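S.K.: Okay, here's the structure, questions in a sec.
Derivation of every value follows stated rules applied to the coordinates shown; laboratory data play no part. This structure is a prediction, so every number in the text was calculated from the model and none was measured. Glycine also receives a Cβ, built like all others from the backbone with ideal geometry; neighbour counts cover every protein chain displayed.
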Amino acid sequence: MYASRHLCELPDDPTAVPAATSWWDAAPAAISLSLRERGQAHTPSRAARVVNYSGSKQLLVQAHEQARLVQSQAMQAFRDKGPIRLSDLTDSVILSDGELDALLSVFDRLLCVGEDDDGARVCRSSDGRYVLRLVSPPNLHIRPARVRTKRGLLTVPDFELTIATSAQGMPTDDLDLVEGVVA
């Protein structure tokens with residue numbers, strides 16, 4: 001049960017109905033329209049100000065564009081090297097954070113794809129701009145590649161990685177595995 005809401009409003013003439021009068025015998029209490037229709041005893045106050053998130057959104061857009069630019073530059077750097085064995089990345093080459101993130105993103109995409117008969121994995125990058133190909137070494141546990149990064153040393157099997165912007169540089173039998181690639 002709820003408290004009676006009409007008791008919060010005072011009658012126009014408080015002496016019109018004596019306090020000893022039963023509510024069965026008294027005239028009906030006047031209830032305001034807003035209380036009767038909406039259950040509100042008074043008019044609602046002014047609504048709170050709407051929070052403006054445009055500054056935060058702009059910062060997020062700029063951060064996303066910066067991350068996309070760094071990712072694109074890293075993918076371009078790997079694409080320019082052509083097919084590359086990870087062991088060819090010598091100790092003198094230190095991958096930047098963007099290149100490491102791009103490399104790990106490529107590994108993530110490619111290692112989720114099944115190998116074909118030649119031991120190659122082929123797919124498109126997450127944005128669809130690059131064709132990725134990863135060939136596993138004959139024995140994964142012999143001579144792992146050690147890739148130096150700003151964050152430390154990454155030890156992985158000596159994969160051969162190819163990143164191309166189109167079907168150029170990819171073996172034609174692998175292109176059938178990738179949807180939407182035009183030779």
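S.K.: Post the alpha-carbon centroid distance, region 106-121 to region 78-97, in whole angstrom.
M.R.: 19
S.K.: Under the rule of at least 5 residues apart or a separate chain, name every residue whose amide H is placed under 5 Å from the amide H of Leu95.
M.R.: Sorted by chain and number, the residues that satisfy this are Arg148, Thr149, Lys150.
S.K.: So for each of 48-60, 71-83 I average, over its residues, the number of other beta carbons within 10 Å; can you give me the resulting order with the highest mean first?
M.R.: Packing proxy ranking, top to bottom: 71-83, 48-60.
S.K.: Work out, step by step, the length gained on full extension between Ala26 and Ile94: first 0.36 nm times the residue separation, then minus their alpha carbon distance; give nm to one decimal. Show your work: numbers first, answer last.
M.R.: On the way: separation 68, 0.36 × 68 = 24.48 nm, distance 9.17 nm.
This chain segment gains 15.3 nm when fully extended.
S.K.: Something else: Spelling out what I want: for every residue of region 76-82, take phi, set θ = phi - 60°, compute 6.51 cos²θ - 1.76 cosθ + 1.60 (Karplus), and round to whole Hz; glycine and proline get x.
M.R.: Karplus-based 3J(HN,Hα) across region 76-82 equals 5, 4, 5, 5, 5, 7, x Hz.
S.K.: Give me the distance in nm between label points sitting 7 Å out from Cα along the Cα-to-Cβ direction at Glu65 and Ala19, one decimal.
M.R.: 7.3
S.K.: Does region 90-161 come out rounded, prolate or oblate by the C-alpha gyration tensor, with a ≥ b ≥ c the root eigenvalues, rounded set by a/c under 1.5 and, if not, prolate when a/b is larger than b/c and oblate if not?
M.R.: Since a/c reaches 1.5 but b/c is at least a/b, the shape of region 90-161 is classed as oblate.
S.K.: Using Cα pairs under 8 angstrom and six or more residues apart, how large is the relative contact order of region 60-172, in percent?
M.R.: Relative CO of region 60-172 lands at 31 percent.
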